[in-house]
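These notes concern the structure reproduced below.
Laboratory data are not the source of any read-out in this text; all were calculated from the coordinates shown. If you're wondering where the values come from, they're calculated on a predicted model, not measured in any experiment. Here the Cβ positions follow ideal geometry from the backbone for every residue, glycine too, while neighbour counts run over all protein chains shown.
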Amino acid sequence: MTHGLLNFIGGQWTESNAGQTLPVYNPATEEVLADVPLSTKDDLDLAVRAAAEAFASWSRTPVPRRARILFKYQQLLVDNWEDLARLVTLENGKSYAEAYGEVQRGIECVEFAAGAPNLMMGKQLPDIATNLESGMYRYPIGVVAGITPFNFPMMVPCWMFPLAIACGNTFILKPSERTPLLANRLAELLHDAGLPAGVFNIVHGAHDVVNGMLEHPSIQAISFVGSQPVAEYVHKQASAHGKRVQALAGAKNHSIVMPDADLDLTVKEIVNAAFGSAGERCMACSVVVAVGEIGDALVGKLAEAADRITVGNGMVEGVFLGPVIRESHKERTLGYIGGGEEEGALLVRDGRQDEASSGRGYFVGPTIFDQVQPGMKLWQDEIFAPVLSIVRVDTLEDAIALANRSDFANGACLFTRSGASMRQFRETIDAGMLGINLGVPAPMAFFPFSGWKKSFYGDLHANGTDGVEFYTRKKMVTTRW
Ligand code: NAD
């Protein structure tokens, strides 16, 4: 039985005035879980008014009191960890183990935000001149909005709202219309933690809500995470309307494997990074750059390891690779696999042949191409699916130069035992999130998520002290005594 999702506005579950809804599918079974309203600008306006009203008192609520609500919230998230993880798997498809890990990443963001009394502190210089002192005080900025993608329904919203509200802002979330269920659970738990009405709001929908947010005069800042073209658009539009904006975008992450790498560790890490979460991670490894003589052994072992992967419903124990998010995304992925063969890349493992790929649910088995050339679509585009491309080069310098040719620069990894190679990589790679001997340099609540080039639009990144800067503004006070 399906049900229509409600918006959460001013502490009330509120029906959208939208005439249109979209079905929310379980991608593993194709079952319809709910209908999500395509809310209108009027729905958004209601939420902005509620958030603006709540801002007056929330921004003046003592910071330790705000933090105490987040402590309570953290406890509720921990108490509901398994249920939250099940909900992530249900609507997104990733394995329960991955979903469980995602919930942890989200909880860590709440833990970081609960340090608000420390994070919100200003600075003073008692003697900036004779009898003059100067000090910086930090304040919230107002109503802020968050727009999130389908691939991390728990973690990505948690990059935004815990810190935003801890800093004294009020928040409106527009979750992905493809994975909107978890957001409502987050709102219920915030309510249970004692968050005052209007501090956190949800308006479900798609383009109309986003466009409304970008233009709304009472929204001060936009946090966006999603695909590159939309990130670029959001950044342009929001900036044109005078808003602060951070827009985290797509990726094409390269993993460089040196001849001296620990082969077993490398294969384990790359298989997880390429095929975990069905490749639907902005930190997924989508290109392996094999340096020198390690290539043949590496490709052989990657194919063997991919053969051992269990594909299926992420709820089932032992399943590693779940479905991609929608039928259309599966079709697009199959298009890239067919296109890769036409472009002349060598198909080493064909995920289309896996049994799950022809049954119910949007499954594509792990797919590996060798002999991929820069310039091929396989190398260039973010496929966002379990498709791994391998490029062969002779030297580390060539490998780094190749990775640096990509328009994207979210992350990059190096597998080596050499300190000199590690240093050369760290100093010359153009990417913001680096991994050494690990496949997924995952974003952490405590540090900024530092994508570069077309993987990020804006100035201040999400998380860590960048996040605090993004969600606050300052007053400088100079006093004569
Ligand atoms: P998406 O761009 O399709 O959607 C993201 C959000 O934007 C959704 O809320 C959606 O409703 C909205 N949106 C989509 N098209 C729009 C349009 N034309 N106008 C206005 N709003 C629009 O992204 P997705 O498919 O949900 O997520 C996957 C993408 O997100 C991948 O490219 C992935 O790399 C990226 N991502 C990046 C990071 C990062 O930190 N850099 C993290 C997670 C995901």
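Treating r as the C-beta distance of D394 and V32 and R0 as 56 Å, the FRET efficiency rounds to 0.60. Once the Cα atoms are used to define both axes, helix 63-79 deviates from the longest principal axis of the chain by about 40 degrees.
Rg ratio for region 253-436: its Cα radius of gyration over 2.2 N^0.38 Å, N being its residue count, equals 0.98. Projecting the Cα atoms of N272, A284, A249 onto the dipole axis of region 234-331, where Lys and Arg carry +1 and Asp and Glu carry -1 at the beta carbon, places A249 farthest toward the positive end.
At 37 °C and a viscosity of 0.692 mPa s, what translational diffusion coefficient does Stokes-Einstein give for region 355-463, taking Rh as the Kirkwood radius over Cα pairs? Give it in µm²/s as a whole number. For the chosen part, D equals 207 µm²/s. So for region 1-127, considering every pair of alpha-carbon atoms, how many percent are separated by more than 24 Å? So the portion of pairs separated by more than 24 Å is 53 percent.
The listed peptides 57-66, 278-287, 344-353, ordered by packing as a protection proxy, come out as 278-287, 344-353, 57-66 (highest mean of other Cβ atoms within 10 Å first).
Note on region 10-53 and region 389-418: Cα centroid distance 42 Å, given to the nearest whole angstrom. To the nearest 10 degrees, how steeply does helix 419-428 sit against the main Cα axis of the chain, on a 0 to 90 scale? That helix lies at roughly 60 degrees to the long axis.
Full extension of the segment from W481 to D307, taken as 0.36 nm per residue of separation minus the current Cα-Cα distance, would add 55.1 nm. Rounded to the nearest 20, the Cβ-based charge dipole of the chain about its Cα centre (Lys and Arg +1, Asp and Glu -1) stands at 1880 debye. The mean of 1/r over all distinct Cα pairs in region 210-290, once inverted, gives the Kirkwood hydrodynamic radius of 14.9 Å. Among the listed pairs K268/K301; K236/K475; K454/K474; K174/K454; K123/K475; K243/K474, those with a Cα-Cα distance over 18 Å are K236/K475; K454/K474; K174/K454.
With Rh defined as the Kirkwood radius, the inverse of the mean 1/r over Cα pairs, the Rg/Rh of region 127-199 is 1.22.
Region 429-481 and region 84-107 have Cα centres separated by 25 Å.
Under 5 Å between amide hydrogens, built in the peptide plane, is the criterion, and for C285 it picks out A274 among residues at least 5 positions away or on other chains. Every helix of 4 or more DSSP H residues in the chain counts as -39500 (n - 2.57), and over all residues that averages to -12000 deg cm²/dmol at 222 nm.
With Cα atoms as the point set, region 1-42 shows a radius of gyration and Dmax of 11.6, 35 Å. Judged by the mean number of other Cβ atoms found within 10 Å, the most tightly packed of the peptides 243-256, 393-406 leads the ranking 243-256, 393-406. Unpaired cysteine residues in the chain (no second Cys Cβ under 4.7 Å): C167, C282, C285, C413. Beta-bridge orientation, the chain: approximately 45 percent antiparallel, per DSSP, counting only bridges with both partners inside. One equal scatterer on each Cα of the chain, no solvent, Debye formula: the resulting log10 I(q)/I(0) at q = 0.06 Å⁻¹ is -0.28. A simple spin-label model places pseudo-atoms 7 Å from Cα toward Cβ; at A420 and R473 they are separated by 5.3 nm. Taking packing as the residue-averaged number of other Cβ atoms within 10 angstrom, the listed peptides 116-127, 446-457, 85-96 run from highest to lowest as 85-96, 446-457, 116-127.
For region 411-481, the fraction of C-alpha pairs more than 17 angstrom apart is 57%.
Remark: region 390-399, residue by residue, has Karplus-estimated 3J(HN,Hα) of 10, 10, 9, 9, 8, 9, 4, 4, 4, 5 Hz, where x stands for each Gly or Pro and the curve is 6.51 cos²θ - 1.76 cosθ + 1.60 at θ = phi - 60°. Report the FRET efficiency, 1/(1 + (r/R0)^6), for E82 and F446, where r is their Cβ-Cβ distance and R0 is 22 Å, rounded to 0.05. Working from the Cβ atoms, E equals 0.35. Extension gain for D127-Y139 works out to 2.0 nm (0.36 nm per residue, less the C-alpha to C-alpha distance). Our note on the geometry: Cα centres of region 141-168 and region 202-221, 14 Å apart. Start at zero, step by 10 Å, and the Cα-Cα distances of region 258-332 spread as 18, 45, 28, 9, 0 percent across the bins.
Maximal additional length on extending the N437-R405 stretch stands at 9.3 nm, based on 0.36 nm per residue less the C-alpha distance.
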